[in-house]
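This report concerns only the one structure given below.
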């Protein structure tokens, strides 16, 4: 199962079958220590220098379609939903810097990650419902997280630009669509760092999503 590279960084294909379990199962750290920031950065740098695969979002994916290279109207516009933590976002920036041969340090990676301590990001990877559709990200509505009896709303929203991607497993057509990523930032209380709940939203087609999430799985 593959999701094509797009959205934040556009760093190429990322394999949902590539279960590189980095920094998982330890619960969200907040605040991040200097040692943790350095460790996350070095993990990303190592991935960028040594791996022949793309960045492994898979351990943090809470939803993806059965075949992310196939367009299926029953799936709506959404390809995948991923949880980003401060640790993971620093690791990602370390990876991006390594593959781009951008000589930065751990603190610069943390700045570029732009995810404060005590926050999580919900990254929604989506595509247009028609070949000409580039407005699909603005059609994602009502994004909330329900954790431990509390309903959280985003404190920030960042939308990527759009770029063309192909879905070659689509029968009867080339399967070319504009794709992009909408990132929603949520602030947590310490009691919510290990909480379970759901992520809810509707996409531009009107399809409703209610996705289970267990934050204790993510560092």
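A few comments on the model shown:
- Residues (out of contact with any strand residue (DSSP E or B) (no Cβ under 6 Å at 6 or more places or on another chain) and farther than 14 Å from residue 61 by Cα) located in the stretch 76-88: 76, 86, 87
- The residue list 150, 109 contains one member that is touching a residue at least 60 places away in the same chain (Cβ under 8 Å) and out of contact with any strand residue (DSSP E or B) (no Cβ under 8 Å at 6 or more places or on another chain), which is 109.
- Checking 164, 157, 188 one by one, the residue that is modelled with pLDDT of 90 or more and buried (at least 16 other Cβ atoms within 10 Å of the Cβ) is 188 and no other.
- Restricting 133, 203 to those that are touching a strand residue (DSSP E or B) at 6+ places or on another chain (Cβ under 9 Å), at pLDDT 95 or above and over 18 Å from residue 62 (Cα atoms) reduces the list to 133.
- Of the residues making up the stretch 71-104, those that are part of a loop (DSSP other than H, G, I, E, B) and either touching a helix residue (DSSP H, G or I) at 6+ places or on another chain (Cβ under 6 Å) or surrounded by 15 or more Cβ atoms within 10 Å (Cβ to Cβ) (or both) are 71, 76, 77, 85, 104.
- Residue 159 being within 24 Å of residue 72 (Cβ to Cβ) and without any contact (Cβ under 8 Å) to a residue 60 or more places away in the chain: yes
- Taken over the stretch 191-219, residues that are within 16 Å of residue 123 (Cβ to Cβ) and surrounded by fewer than 20 Cβ atoms within 10 Å (Cβ to Cβ) amount to 4.
- Verdict on residue 107 being at pLDDT 90 or above, in contact with a helix residue (DSSP H, G or I) (Cβ under 6 Å, 6 or more places away or on another chain) and surrounded by fewer than 19 Cβ atoms within 10 Å (Cβ to Cβ): no
The values are calculated or read from the model by the stated rules, or taken from the named source; none is laboratory data. If you're wondering where the values come from, they're calculated on a predicted model, not measured in any experiment. Cβ atoms come from the backbone with ideal geometry, glycine included; neighbour counts cover every protein chain shown.
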